[in-house]
Amino acid sequence: MKGYGKPFIEIQPSHIIRFRGKPGEELKSQVRFISHLPVPWEITAFKTTIPQFIEVTVKAEQPGKIYVVEVRNKRQESGNYAGVIELSTTSEKRPRLIMRVFGELSLPSAGSP
């Protein structure tokens, strides 16, 4: 037999966020979590290892089914960072979802136009 199995929770576009840009530039990204569970589910909380560098908001696009996590860069100076966002859910099959965040902020080189 062949077939296609849907994941319990579909993540679009990816669970990895990469910010690349200049300090002070507005950098943000959205990740959509779509449930294929037979019962409603919720993202109930989140925590991050890098609260000094990012701002996280979670919104129900379709309560019980689709949630959108928006991540914004807060760092204003050059440098790199990496961290994790851990989402808590009401699902017994996926009580925890992990997102990874990477930031690379640099000033343009003197030779750039």
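The values are calculated or read from the model by the stated rules, or taken from the named source; none is laboratory data. Since the structure is predicted, the reported quantities are computational estimates derived from the model, not experimental observations. Virtual Cβ from ideal backbone geometry, glycine too; neighbours counted across all protein chains shown.
Observations
- All of E92, E70, E104 fail the test of being farther than 19 Å from R20 by Cβ and acidic (D, E), apart from E92.
- Taken together, the criteria place S29 among residues that are surrounded by 13 or more Cβ atoms within 10 Å (Cβ to Cβ) and closer than 30 Å to S106 by Cα.
- If you go through segment 69-94 and keep only what is basic (K, R) and part of a strand (DSSP E or B), you end up with just R72.
- The combined condition, being surrounded by 12 or more Cβ atoms within 10 Å (Cβ to Cβ), farther than 17 Å from K28 by Cβ and touching a strand residue (DSSP E or B) at 6+ places or on another chain (Cβ under 7 Å), is not fulfilled by R100.
- Subset of segment 38-55 [out of contact with any Leu (no Cβ under 8 Å at 6 or more places or on another chain) and either assigned to a loop (DSSP other than H, G, I, E, B) or over 18 Å from K28 (Cα atoms) (or both)]: P38, V39, P40, W41, E42, T44, T49, I50, P51, Q52, F53
- Single match in K22, K59 (criterion: loosely packed, with under 14 Cβ neighbours inside 10 Å, at pLDDT below 95 and basic (K, R)): K22
- The test for being in contact with a Ser or Thr (Cβ under 6 Å, 6 or more places away or on another chain) and over 14 Å from I17 (Cα atoms) does not hold for L87.
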